[in-house]
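Working notes, beginning with the structure itself.
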Amino acid sequence: MKVATLRSDAQTMQETARAPAQAMIEIDHVSQRFETSGRQSHLALSDISLSVEEGAFVSILGPSGCGKSTLLYIVGGFVKPTEGVAKVKGHAITGPGPDRGPVFQEFALFPWKTVLGNVMYGLLQQGVKKSEADARGRKLLEMVGLKGYEKFYPKELSGGMKQRVAIARTLAYDPAVLLMDEPFGALDAHTRTRLQNDLLDIWDRQRKTVLFVTHSVEEAVYLSDKVVVMSRSPGRIKEVIDIDLPRPRKRADLLQNARFQKHIVDIEKMIDDRPEDM
């Protein structure tokens, strides 16, 4: 006869607190090799292993050509790794899917559709009723600060406004993961700052898992829970830094925060894009 051991609520709560957070993204010993036009082999990524917790905001930094975007495309299912495996929620990635929403530097909006039409497009393709897609699209446009622009066309918008539409369009089908490849890279400094703040507001409300590629150390530190620093090509993970800064974050406060400044300085020192012989 087995005797069941009674567990106190306190014990249960302690074990729950100790339990590791669930991994949303798992990258296990991934390498990526491309064949160039001259039939030469180029190793873009070498033995990348990374775990991203559910609801985390993780940025990837590194010199140009280190494979940051390639890694993002592998998670998005647009590129199949030469070696290793990438998973989302424990399932191997075999191609793009609605659980992962890409937002790239190129806005890729349909020029013949209105702002609202662009946001509704994915929902309609999924079979959502037009009235529901319309309501959800309008709510998202209000969330990203574009209420009143529903009937505008992309050519009538600024770069920052186009990127807001692109973000709303991706959020419309409610992906678990946002994959963002230099989404603010082409914008002026003021617009970039505003969109960083908007993105943090959205993330605070929805707590989606975000994998964010950027060249800006300050942007990565400001936005992220963790920053992944990669080496020069072939890209390897040099270090993963926990960003121990309070949330919600206000830029004006962080500019006076010694830890914020130290993170930036330390990471800048890690990034080395000089050639070997220098």
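Take the residues of the range 96-128 that are touching a residue at least 12 places away in the same chain (Cβ under 8 Å) and polar (S, T, N, Q): which is least open to solvent (accessible area, probe 1.4 Å)?
Asn118
Residue-wise test of (1) assigned to a helix (DSSP H, G or I); (2) out of contact with any Cys (no Cβ under 8 Å at 6 or more places or on another chain); (3) under 27 Å from Ile93 (Cβ atoms).
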{"position": "Val119", "(1), (2), (3)": "yes, yes, yes"}
{"position": "Ser131", "(1), (2), (3)": "yes, yes, no"}
{"position": "Leu140", "(1), (2), (3)": "yes, yes, yes"}
{"position": "Gly145", "(1), (2), (3)": "no, yes, no"}
{"position": "Leu171", "(1), (2), (3)": "yes, yes, yes"}
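Got a number for residues in the range 218-242 being hydrophobic (A, V, I, L, M, F, W, C) and open to solvent by 10 Å² or more (accessible area, probe 1.4 Å)?
Residues in the range 218-242 being hydrophobic (A, V, I, L, M, F, W, C) and open to solvent by 10 Å² or more (accessible area, probe 1.4 Å): 3 in total.
Identify, from the list Pro102, Pro96, the residue that is in a loop (DSSP other than H, G, I, E, B) and within 28 Å of Asp47 (Cβ to Cβ).
On inspection, the qualifying residue turns out to be Pro96.
Pull up the range 194-236, narrow it to residues that are of a type in the set (Ser, Thr, Tyr) and not in a strand (DSSP E or B), then point me to the one that is farthest from the chain's Cα centre (by Cα).
It comes out as Ser233.
Do we find that Ala21 is open to solvent by 80 Å² or more (accessible area, probe 1.4 Å), under 29 Å from the mean Cα position of the chain (by Cα) and modelled with pLDDT under 90 in this structure?
So Ala21 does not fit the description; no.
Please indicate, with yes or no, whether at least one residue in the range 56-75 is within 17 Å of Pro175 (Cα to Cα), hydrophobic (A, V, I, L, M, F, W, C) and in a strand (DSSP E or B).
yes
The values are calculated or read from the model by the stated rules, or taken from the named source; none is laboratory data. All of these numbers come straight from a predicted model, not from anything done at the bench. Counting neighbours? That spans all protein chains shown, and the Cβs are built from the backbone with ideal geometry, glycine included. Remember, those area values only see protein heavy atoms, side chains included, never the ligands or the DNA or RNA. Shrake-Rupley method; radii C 1.70, N 1.55, O 1.52, S 1.80 Å.
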